[in-house]
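What follows is a set of notes on a single structure, which appears directly below.
The values are calculated or read from the model by the stated rules, or taken from the named source; none is laboratory data. Model, not experiment: these values are computed from the prediction. Glycine also receives a Cβ, built like all others from the backbone with ideal geometry; neighbour counts cover every protein chain displayed. Accessible surface is based on the protein model in full, side chains and every heavy atom, while ligands, DNA and RNA are left aside. Shrake-Rupley method; radii C 1.70, N 1.55, O 1.52, S 1.80 Å.
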Amino acid sequence: MPAKSRFTRLDAFTKTVEDARVRTTSGGIVTLASLLVVVYLIWGEWTDYRRILVQPELIVDKGRGEKMEIHLNMTFPRVPCELLTLDVMDVSGEQQTGVAHGVEKVRLTPVAEGSMPIERTSLALHAQDDSAKHMDPDYCGSCYSAPAPANAQKSGCCNTCDEVREAYASNSWSFGKGEGVEQCEREGYGEKLDAQRKEGCRIEGGVRVNKVVGNFHIAPGRSFSNGNMHVHDLNNYFDTPVEGGHTFSHEIHELHFGPKLPADVVDKWSDHHHDNPLDGTSQQTDDPAFNFMYFVKVVSTSFIPLGWDAKLSSSIHTAYQDIVPIGTHGYLGHGTIETHQYSVTSHKRSLRGGNDAAEGHKERLHARDGIPGVFFSYDISPMKVINREARPKTFTGFLTGICAVIGGTLTVAAAIDRGVYEGSTRLKKLHQR
């Protein structure tokens, strides 16, 4: 038996001779229509194959020893920049008092003049002051019984007003306007402060912190530790010639944890509600002794694009998290972004105590005392959200879909053509009778 005849009985595609085939006009129309349908459905399969979906996942955050950036942009229309201090502290015991690096203060005109920017000043903590450079090289200013600051221009001396203020703060002493302090009187510190009394201030920038439970706050006066207490020198805040005093009315233009997402990324992830709930928040008060508190729950969030290399991204994040500039922390390889979302609740109270009878809550009592200012307490969620880009269909699935489209369309088209042909044949027979 010839080799080719062994498979004859297995042929599932029996053929008809050319003379037995009948071509009709309706068959041509059905064929053309089926081809158009096949092309349209194949294009749909291709579009679906190329489509990128974002698949959210919720996992336990197993990161250890990580850092986190806090970026803020806030306006205080009734407190001058000279009085505002930004402090950060966390449960690990780390404190950043008078935070500076990466943060700027922008002096604003008084509210009556529209709170327009006057001057932008970088908060370079312990920056070198030019005010004492013209003094005798042998000059050694007194620290007035306080220990000289470690960062003094001249060891053991306080040659500038700022160094005297730093020495007082390190000894937990209040300072005031510097009356009787030679360095401050020479520099005109009190006069400069009074000249800015009606101004406002905008604080903008970012600070890097440990990714643990902590808080940061913006309060008046220099901060220092008194025993186990964190204290601010409030003399210059309450002792003011401004009618009505300074108040901590404020507007939060932006507050986000982690890097700010670029516009194209925001558009890409816009369906996943990555927004910052405190952006655009405004709070008003006429009471100088008033405290605003925000309690923030931070959730780590990753944005992982197609082609993500887990090992490369992890190694980059670990190696460079302490040295990358503020504002770029969280941007990893292949477009991966490590950032954070947060939820927030807020509370406000007068430091004079009392209740909320004016708001209809006489039963709500407030404790007395405290520090005026704006306080943010943040807690880190143990869970992490991963938004991962993925294709809904593999290439194998794409090929399978094409086969299904072609086979299914031609099968249906054949059934339609057969029905039309049979129907037309019977009608002809009826007419012939």
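Please find, within region 383-433, the residue that is surrounded by the most Cβ atoms within 10 Å (Cβ to Cβ) out of those that are among the basic types (Lys, Arg) and under 30 Å from THR339 (Cα atoms). Working first, answer last.
Step one: filter region 383-433 for residues among the basic types (Lys, Arg), giving 384, 388, 391, 393, 418, 426, 428-429, 433.
Next cut, under 30 Å from THR339 (Cα atoms) only: 384, 388, 391, 393.
Numbers: LYS384: 18, ARG388: 15, ARG391: 15, LYS393: 16.
Result: LYS384.
Show the residue pairs meeting these rules: Cβ distance below 7 Å; 6+ apart or different chains; first residue within region 295-319 and modelled with pLDDT under 80 and assigned to a helix (DSSP H, G or I); second residue surrounded by fewer than 18 Cβ atoms within 10 Å (Cβ to Cβ) and not basic (Lys, Arg).
Within 7 Å, the pairs are LEU312/GLY333; SER313/GLY333; SER313/HIS334; ILE316/GLY333.
Pull up region 107-138, narrow it to residues that are modelled with pLDDT of 85 or more and closer than 22 Å to GLY188 by Cβ, then point me to the one that is most open to solvent (accessible area, probe 1.4 Å).
Among those residues, the one meeting the criterion is ARG107.
Looking at region 237-267, which of the residues that are part of a helix (DSSP H, G or I) and in contact with a strand residue (DSSP E or B) (Cβ under 8 Å, 6 or more places away or on another chain) is modelled with the lowest pLDDT?
Within region 237-267, the first condition is being part of a helix (DSSP H, G or I), and the residues that meet it are 237-238, 263-267.
The next check asks that each one be in contact with a strand residue (DSSP E or B) (Cβ under 8 Å, 6 or more places away or on another chain); those that pass are 237, 265.
Numbers: TYR237: 88, VAL265: 66.
Taking the candidates together, the pick is VAL265.
Of the numbered conditions (1) buried (at least 18 other Cβ atoms within 10 Å of the Cβ); (2) at positive phi; (3) modelled with pLDDT under 80, ALA100 fails exactly one; give the number of that condition.
Here ALA100 clears every test but (2).
Within region 269-286, which residues are modelled with pLDDT under 90 and either assigned to a strand (DSSP E or B) or surrounded by 14 or more Cβ atoms within 10 Å (Cβ to Cβ) (or both)? Let's see the steps before the verdict.
Our first condition is that a residue be modelled with pLDDT under 90; within region 269-286, this holds for 269-276.
Residues satisfying the conditions are TRP269, HIS272, HIS274, ASN276.
Is it the case that region 192-200 has a residue that's more than 28 Å from the chain's Cα centre (by Cα) and of a type in the set (A, V, I, L, M)?
So in region 192-200, the residues more than 28 Å from the chain's Cα centre (by Cα) come out as 192-199.
If we keep only those that are of a type in the set (A, V, I, L, M) as well, we get 193, 195.
Looking for residues that are more than 28 Å from the chain's Cα centre (by Cα) and of a type in the set (A, V, I, L, M), one finds at least one in region 192-200, hence yes.
Out of all the residues in region 51-66, is one or more open to solvent by 80 Å² or more (accessible area, probe 1.4 Å), more than 30 Å from SER115 (Cβ to Cβ), free of Cβ contacts under 8 Å to residues at least 12 places away in the same chain and of a type in the set (A, V, I, L, M)?
No, region 51-66 contains no residue that is open to solvent by 80 Å² or more (accessible area, probe 1.4 Å), more than 30 Å from SER115 (Cβ to Cβ), free of Cβ contacts under 8 Å to residues at least 12 places away in the same chain and of a type in the set (A, V, I, L, M).
Please pick out the residue among GLY221, GLY200 that is surrounded by 22 or more Cβ atoms within 10 Å (Cβ to Cβ) and either of a type in the set (D, E, K, R) or at pLDDT below 90 (or both).
Numbers: GLY200 fails: either of a type in the set (D, E, K, R) or at pLDDT below 90 (or both).
Answer to the check: GLY221.
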